1. Work out the FRET efficiency for B:Asp128 and B:Val236 from their Cβ-Cβ distance, taking R0 = 51 Å, and round it to the nearest 0.05.
2. Mind ordering B:85-93, B:137-145, A:54-62 by average Cβ neighbours within 10 Å, highest first?
3. In nm, to one decimal, how far is the A:Asp263 label point from the A:Asp164 one, both placed 7 Å along Cα→Cβ?
4. So what is the 222 nm mean residue ellipticity for the protein assembly as shown from helices alone, if each DSSP H run of at least 4 adds -39500 (n - 2.57) and you divide by all residues, rounding to the nearest 500 deg cm²/dmol?
5. Principal axis lengths of chain B from Cα atoms, whole Å, largest first?
6. Cβ under 15 Å from A:Ala292's Cβ, A:Ala292 left aside: what net charge do those residues give with Lys, Arg +1 and Asp, Glu -1?
7. Just the C-alpha atoms of the stretch A:154-243: what Rg/Rh do they give, with Rh taken as the Kirkwood radius?
8. Based on a Kirkwood Rh over C-alpha pairs, give the Stokes-Einstein translational diffusion coefficient of the stretch A:160-209 at 20 °C and viscosity 1.002 mPa s in µm²/s.
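Readers should treat all values here as calculations from the given coordinates under stated rules, not as data from a laboratory. Just so it is clear, the structure is predicted and the values come from calculations on it, not from any experiment. Glycine gets a Cβ as well: all are built from the backbone with ideal geometry, and neighbour counts include every protein chain shown.
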Amino acid sequence: MDTLVSVNNLHKHFGAIKAVDDVSFRVNQGEVLGFLGPNGAGKTTTMRIITGFMAPDAGSVTLGGDDIVDAPVAAKRRVGYLPEGAPLYSDMTPAGFLDFVAGIRNLRGKEKNRRITDTIEKTNIQSVLGQPIETLSKGFKRRVGLAQAILHDPEILILDEPTDGLDPNQKHEVRTLIRGMATEKAIILSTHILEEVDSVCSRAIVISAGRLVGDGTPTELRARSRWHNAVTLSVRVDNGKEVQATLSNLPGVQSADLVSQKDGLARLVLYSTHGQSISTTVNQVVRERNWAVDELYVEQGRLDDVFRAMTSKLL
Amino acid sequence: MNNILSIFKREFMGYFTTPIAYVFIVIFVFLNGIFAFYLGDFFNRGQADMAAFFAFHPWLYLFLIPALAMRLWAEERREATIELLFTLPITMGQAVLGKFLAAWAFTGIALVLTFPMWGTVNYLGDPDNGVILAGYIGSLLMAGAFLAIGSCISALTRNQVIAFIISAVVGLAFVLSGFPLVLDFFSGWAPEILVQAIGSFSFLSHFDAISKGVIDLRDMVYFTSLIAFWLFANVVIIEFKKAE
Ligand SMILES: Nc1ncnc2c1ncn2[C@@H]1O[C@H](COP(=O)(O)OP(=O)(O)OP(=O)(O)O)[C@@H](O)[C@H]1O
Ligand SMILES: [Mg+2]
């Protein structure tokens, strides 16, 4: 697959703050890259550099063969961008606004009408087309911003918190829309919602205090969790301590926590060493000892755990 | 070219979707009337020309044009739409020019709407309409110069009030530099050539000549190069400060 976005050793500082510190990554066609990181990590700044709004202190960005600093207009043609907070010309109507953007995007005649109709349908803004943007609800504003970004069917889409402030239904719609466009584009979206990574992203990068601290598929990232391949176990015994002692000595088990013990039911969590699979071993022991098992399941690891671990150690 | 036109259209229509256009035009026409008839003694001068009308334009533009220009970039910055604008495939020059031309065309319309004044003069007497046309051209050029200053200064700040005040002060400097009072102040001690240089930078001297019907290429060049200079500065400022 073609590499459409290539970000090379970006640096950007504001006074003493290093907002972006040596960030590099690539995005191929067909990929949806989740861009994660705590508040102030540098996501928006990175996106502003990629889209040519800000110049980097050092480093380069190539968008489908065009360098954003050397050939800004050609590079910007390839991109659709939803800036943070979806700023819009509030005195215009969505119809007038899309017409303006279509003009700048060089869409003319039939093609223009087709693209505008298609975009309006995709973003579901038919009902507000003639209403001044300043009177629209947050969700509609966000969708008009999204419409503006996808209007010219760009090969690269950069979306800064596209689902921020949307209700659950609209979030779902926007995610479906993004998934639907994924195969032919390279998409970067920043988000604070980790489920979003699972539901739309094929890959995610994590940035903290301007530095890239993680890069991988959601599954790969999850594998970095302390919870990855951990086993949760509920056993009908009165003395959970004994179970805990037995299991914590098993090969591959790093530690065993007795989470609760009441009414003759002990609940334990067994963490695995380096995320190796321990469920078979645990199962075997459980059967040998004839413990009555209420539940036994393998944890996948949680993204928010990984996120927290990756982004807090640098603080 | 297409991009300039797109931006021009958006900006120009923008004036009419807000009350700005109507307020501006009404005040402009109204003040023109007041100034010309009362202060300029329009009727009693016993002359069929519009000199009294044009004489007040520098002073009128001094505060009306900054009011029009202050929002050009300051608002774009405050509303963060500047991020939208400059991630579209356009150049800074196209954006600056499109916005400027829209504002200029708008002042042109306000100027055209003073035609009842022209009608009155023609009804009462037999003026030289060539001189009057020259006056209109000169006035439009001067408005352009005020606008270019205002647009450039508006790019420096997100605060429209600050943009207004600074533009008005810079405009005032350009008007006053031809005023006898100011020139006298300098001529006491400064070398003659400097006094002349200061005087030659004045809107007044260039505008006076045109509005008397003398269309001198130098006056035209003066205003157009002033516009070009301030718009160029505007582009540079936007380039450096767009993301701040
Ligand atoms: N124009 C600016 N001037 C000065 N500092 C800035 C500017 N823009 C961003 N910063 C600083 O750079 C750092 C990174 O900000 P950025 O907006 O990129 O973070 P973010 O990851 O998008 O955060 P969030 O999740 O809250 O949107 C922050 O410390 C911020 O205060
Ligand atoms: Mg941000």
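1. Details: r = 42 Å, r/R0 = 0.83.
For B:Asp128 and B:Val236, the calculated efficiency is 0.75.
2. Ranked by mean Cβ neighbours within 10 Å, highest first: B:137-145, B:85-93, A:54-62.
3. It works out to 4.5 nm between the two label points.
4. Working: 25 runs with 296 residues, N = 559.
Value at 222 nm, helices only, nearest 500: -16500 deg cm²/dmol.
5. Computed over the Cα atoms, the extents are 58, 48, 31 Å.
6. Values: positive: A:Arg236, A:Arg267, A:Arg287, A:Arg289; negative: A:Asp238, A:Glu242, A:Asp263, A:Glu288, A:Asp294, A:Glu295.
Neighbourhood net charge equals -2.
7. 1.16
8. Numbers: Rh = 11.5 Å.
Result for D is 186 µm²/s.
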